[in-house]
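One structure is given below, encoded as structure tokens.
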Amino acid sequence: MIYSFRKLLKDLILLLICFTASFNCFKLSAQNNLHFIGKVIDSTSNQPIPFAVINTFSLKQNTTSNIKGFFSIDLKQKNNLKIEISCVSYASKTVSIDTNKLSDTITIKLQDRFLNIDEVVITATRTEKMLKDVPVLTQVIASAQMQNTGSTNISEIVNSVKPGVDFYNEGRGMTFRMQGLAAKYTLFLIDGERIAGENRDNIDYTRLTSSNIERVEIVQGASSSLYGSNAIGGVVNLITKTPVNPIEANIYSRASKYMEIENGANLGFKAKKLSYFADGSSKFSNGYDKTPSTPDLYTVEPYQCYSVFNKLNYDISEKFQISARASYFSRERFDVTTIPKHPFYTDLTMGLNAKVKYSENIDFTASVYRDLYSSYDVFERRNDSLSKIYSNAQLSTKLISNFKVNSPKFKIKEHISIGSEYLSDEVFAERIEDSIKSTTNYVIFAQDEILIKNNLNLTLGLRSDWHSDYGNSLSPKISFMFKHKKINYRATYAEGFRAPGIKERYYDFDLGFIMIKGNKELVPEKSYYKSISAEYLTSKGNISLNLYNNYLKDMILEQPIPGEYNGYTYKNISNAEISGIDLLARLKFLKKFSITSGYSFTYAIDKETNKMLSGVSKHSATLSIDYFKKWKSQVFGIACSGKIYGTKDFVNMTETGALYDDVFPTYTLWKTSIITKLLNDAIFLNLGIDNLYNYKTIGDIINTDPGRRFFISINISLDKLYKHLKSN
């Protein structure tokens, strides 16, 4: 009874506040129209959204919605007002308000990011577009979805939620495939910038932690017309976080079996002209061994990682903005062998971006970005002294101009992008000829997006890369999208290329029992990509079907060197054809259940041998089901997800280094967790089980999962906790 009375008293006070605010709003409106009240609600449940951030562009002031979703704004004069509403787990929304016509509280509906069709993405066209309007089919993994998985590494998250995308072990290292193509054919980006540090065609995936990532955008299929070499199979772009609240502060931790522990914290703030975000984390593990017969060779060796990330945005004026980011990462892997040395890896990035808005229809962007990845031997008997054995330094500069043309008479809108780019790639390694090699690439590209009657989009793109070793390469692309009622139809034709890497040309590696030599006569690989897709959109979700074909010419493969025992080199030996079907569905029903599922069929054939490409699964499927129930300021949920990996044909290696064909059988991995959100999302607690059915293999090839293990993760939002305690 006491609790009910207090609740009644609280509601009466809130009602009195809202009544008073409404009365004052009406009074001011009657006098000068200088004040108005708004309310932010969920577009599906119509429930109020507390702590949403309301940014008034022209007034340069921020406010937040209260626990009932209400907010108020004071106006200096009658005019049209533009506001942006943003909140965690919801897609941001921009609204224009005619202050001369205000007569009542304005209700603004935000859409749950689970559906995220109104979310702005940039990867597919290098311009800002709503997801539902992108002419190239794009998948987005939002930060809320990442958090629900209980994983902290992007490779694990992408692997678990997307069929047709596969991270797996190969030669005691992590590798990646998308739409049947190896890692060297997919370009990984952070905020649109390339990632340095290629190792056997792969980057260091342990760098890709989720704590500083707002969302992951995945574009499958050739994207060389925008991103150049290596984008034959697709692009995975990690978009880093930018604060949306005046202040944001989080501490987080995760613990699992084998003493795998991660701790970190981040801090962000957003003022009138300045925003800043910083994140720091540490992660370590005791490792584990699935092959006890070889005690000196661990499956996953003990390691420790540290990372620091900083991002700064400053609006010098309404027409001139700059942003800068810098990060540092280190990983130390402790060998359990008797050899008194172990590897140590570091990465240092720095970038600067400036945008000038000449007018509403013309803007210019310039950027410079540098990424330096290095690996060392740590000599334990020499006071842990370091000896550099590898480094990869990448430098890129870009200048992009955007022009918008609007023809109301013919109902045509046009967005023209013209850009130039300079790329420098330098590699130092003990195992390449002369130890150091470099390449440069000069680029110009253009893209024309034409929108006719708001339902027909035609995008034309062309890129010219002048490579210091291979001269000019042209990459054209044409994309088509037609909207009819609730269905988006898309079609794409694109040509792409991949210049041979420095290692493929200059490798000089000889251990006695195995030898790998580079080939200076290699020529760039070419691809010819075609796809058609249909996407059905509703307020409760979306379903998409994509059919594609990718033909690769002059494919580079490892081949035996005649007369050399276990000697290999690289050759343009093959053509390949990859065809497939991707079916994806995301649905939300009964306001509490959400389901995400997908199936991919991939048929990847080496045209010379008529065999499946190594490491490709014909069939793969994913399924995740979430249930969330809100009770007062708490949310309780259950999340369950799994992935089926089809049979793989792959090339294995004997103890002496000889290669042979092998098969890895179908297997499945499942994860489940109980999720609790307390005090209006201030505390996020996840208790879960990885590898629910305890799937194991004897060896450490393809699947290195050690079996069932429990984990616990917690995230405490200090700013939300303060707001909740203050409001109560």
Among the trypsin sites (Lys or Arg not before Pro) in the stretch 479-527, which ones are in a DSSP loop with at most 13 other Cβ atoms within 10 Å of the Cβ? Mind listing them?
Lys485, Lys486, Lys520
Could you tell me the center-to-center distance, by alpha carbons, between the stretch 196-255 and the stretch 644-723 in angstrom?
19
Take the solvent-accessible surface of the protein heavy atoms, probe 1.4 Å, and return the percent of it on the stretch 301-437 that carbon and sulfur atoms account for.
57
Apportionment of accessible area to carbon and sulfur, the stretch 655-695, percent (1.4 Å):
64
Long pairs among Lys483/Lys611; Lys409/Lys486; Lys109/Lys629; Lys184/Lys270, criterion Cα-Cα beyond 30 Å:
Lys483/Lys611; Lys184/Lys270
Once you place label points 7 Å from the Cα toward the Cβ at Tyr551 and Ser253, how far apart are they in nm?
5.8
Expressed in angstrom and rounded, the centroid-to-centroid distance over alpha carbons for the stretch 532-584 and the stretch 612-631 is 20
Report, ordered by chain and residue number, the aspartates and glutamates lying within cross-link reach of Lys726, taken as a straight Cα distance under 17 Å and ignoring same-chain residues fewer than 8 apart.
Asp11, Glu248, Asp681
Under a 1.4 Å probe, what is the accessible area of the stretch 284-336 per residue, stated in Å²?
53
Using a Förster distance of 25 Å, the FRET efficiency for Ser387-Ile436 (Cβ separation, nearest 0.05):
0.95
Given 0.36 nm per residue, what is the gain on full extension from Thr105 to Asp508 after removing their alpha carbon distance, in nm?
137.9 nm
Starting from 0.36 nm per residue, how many nanometres of slack lie between Asn454 and Ile595 once their C-alpha separation is accounted for?
47.7 nm
Using a 1.4 Å probe and ignoring any ligands, DNA or RNA, find the accessible area of Trp466 and quote it in Å² to the nearest 10.
120
Taking alpha-carbon centroids only, the stretch 334-398 lies from the stretch 499-514 a number of Å equal to 22
Taking the solvent-accessible surface of protein heavy atoms with a 1.4 Å probe, what is the per residue accessible area of the stretch 546-632 in Å²?
50
Directionally averaged projected area (convex hull, Cα atoms, the stretch 121-225), nm²
6.9
Partner lysines for Lys257 [C-alpha distance under 28 Å; skip if fewer than 8 residues away on the same chain]
Lys162, Lys283, Lys290, Lys341, Lys643, Lys671, Lys677, Lys696
In debye to the nearest 20, how big a dipole does the stretch 598-664 give about its Cα centre with +1 on each Lys and Arg Cβ and -1 on each Asp and Glu Cβ?
720
FRET efficiency for Val95 and Val336, Cβ-Cβ distance as r, R0 = 51 Å, nearest 0.05?
0.30
Lys273/Glu380 FRET efficiency (R0 45 Å; Cβ-Cβ; nearest 0.05)
0.35
Full-extension gain in nm, Thr242 to Thr647, via 0.36 nm per residue minus C-alpha separation
141.7 nm
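The values are calculated or read from the model by the stated rules, or taken from the named source; none is laboratory data. Quantities reported herein were computed from a predicted structural model and do not represent experimental measurements. Positions of Cβ are generated from backbone atoms using ideal geometry, with glycine treated the same way; all protein chains shown enter the neighbour counts. Just the protein is used for accessible areas: all its heavy atoms, side chains included, with ligands, DNA and RNA removed. Shrake-Rupley method; radii C 1.70, N 1.55, O 1.52, S 1.80 Å.
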